[in-house]
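Readers should treat all values here as calculations from the given coordinates under stated rules, not as data from a laboratory. Please read these numbers as outputs of a predicted model, since none were measured by experiment. Cβ placement follows ideal geometry from the backbone for every residue including glycine, while neighbour counts extend to all protein chains displayed.
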Amino acid sequence: MTKTIAVINQKGGVGKTTTAVNIAAQLAKRKQKVLLLDLDPQGNASSGLGLDKNNLSGSTYDVLMKKVSLSDAIQPTSVDGLFLLPTNANLAASEVELVDTPNREKMLDSVLKLATHDFIIIDCPPALGLLTINALTAADSIIIPVQTEYYALEGLGQLLDITQRVREGLNPKLKLLGVVLTMYDKRTSLSGQVADEVHKHFGDKVFKTTIPRNVKLAEAPSYGQTIFEYDKWSKGAKAYKLFTNEILAREGIRL
Ligand code: ATP
Ligand code: MG
């Protein structure tokens, strides 16, 4: 059965895409068939995997609008077992175009029913609009990356409210898998303070693995590579490996 995990936080630049790409790649390295679904009109996950966004046979937009089938739009990547549903800026229009569609919150869910992957990892946009609601409706669980910076917790109350509303209506199975601290810098006291505060709010929902600030993680996408191709011995690669172990443990999956 497919496990669908949405990586979500309406705040920009907190590490959603970096997390989605690298956990998807790590799961693929463990012989899982993985679909990385780029649900952000910025298309960072797509370009980060080296895709030319101007030359797609089909995109998330086409699939949501039922113009192209899921299987026709999905592309292989340079990582064995990792497939990508790519996106370009067209996707931004879907928020408007879907407004009058019945079941507009369930468009993604209905499309993904046809997927045959072990895991689908959804990279969400930094917004709480219709695309994100579609992700919450289609997902089994969510991971919230939280950057260890000032205002880290701002907006999370609203995100949890929306998650709860989707759970009560559109998707009762939806669960919060956990909160992951990103860009942690052990040399600064701020990172530690923010981590303490996040632990206070989320308790054991906070993953034990913290993703360190690591320049290799920021460099890898400009080479179209995941951290495991770019520098598998880096601290970032090690952290995303451990983090994937934790995800699997929380999902109750043994590989
Ligand atoms: P957006 O909301 O715009 O989609 P995002 O939440 O997806 O952003 P990312 O794109 O993953 O965030 O990260 C923001 C920036 O920080 C990127 O330039 C990325 O390369 C960099 N970055 C992410 N994680 C780390 C890290 N652990 N160490 C160093 N740089 C990082
Ligand atoms: Mg992103």
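The trypsin sites (Lys or Arg not before Pro) of the stretch 195-255 that DSSP puts in a loop, and whose beta carbon has at most 10 other beta carbons within 10 Å, are 254.
Spatial offset of the stretch 1-35 relative to the stretch 113-152 amounts to 9 Å, using the alpha carbon center of each.
Remark: the Cα gyration tensor places the stretch 8-68 in the oblate category, a/c being 1.5 or greater and a/b not exceeding b/c. Using the structure shown, list the pairs from 3/208; 113/238; 53/238; 67/232; 16/216 with a Cα-Cα distance above 27 Å, or answer none. Result: 113/238; 53/238; 67/232 exceed 27 Å. Quotient of the Cα radius of gyration of the stretch 146-255 and 2.2 N^0.38 Å, N being its number of residues: 1.20. Applying 1/(1 + (r/R0)^6) with R0 = 25 Å to the Cβ-Cβ distance of residue 30 and residue 204 gives a FRET efficiency near 0.50. Residue-wise HN-Hα couplings along the stretch 231-236, as the Karplus relation 6.51 cos²θ - 1.76 cosθ + 1.60 with θ = phi - 60° gives them from phi, are 7, 6, 9, 5, 4, x Hz; Gly and Pro carry x.
Computed from the Cβ-Cβ distance with R0 of 22 Å, the FRET efficiency linking residue 113 to residue 229 stands at 0.10. Among 178, 48, 12, the residue with the largest mean-square fluctuation in a Gaussian network model of the chain, with springs joining Cα atoms closer than 10 Å, is 12.
Whole-percent P(r), the stretch 1-149, all Cα pairs, 5 Å bins from 0: 2, 11, 22, 26, 22, 13, 4, 1, 0. For residue 106, a cut-off of 18 angstrom between C-alpha atoms picks up these aspartates and glutamates, skipping any fewer than 8 places away in its own chain: 38, 40, 62, 95, 97, 123, 140, 168. In terms of its alpha-carbon gyration tensor, the stretch 131-180 comes out prolate; a/c meets the 1.5 threshold, and the first ratio a/b outweighs b/c.
Summarised in one figure, the compactness ratio Rg/Rh of the chain, Cα atoms and Kirkwood Rh, is 0.94. For residue 122, the residues whose modelled amide H falls within less than 5 Å of its own, excluding neighbours fewer than 5 places apart on the same chain, are 5, 6, 7, 37. For the stretch 175-222, the square roots a ≥ b ≥ c of the C-alpha gyration tensor eigenvalues yield an a/c of 1.5 or more together with a/b not exceeding b/c, which makes the shape oblate. Only helical runs count toward this figure. For the chain, summing -39,500 (n - 2.57) over DSSP H runs of n ≥ 4 and dividing by all residues gives -11000 deg cm²/dmol at 222 nm.
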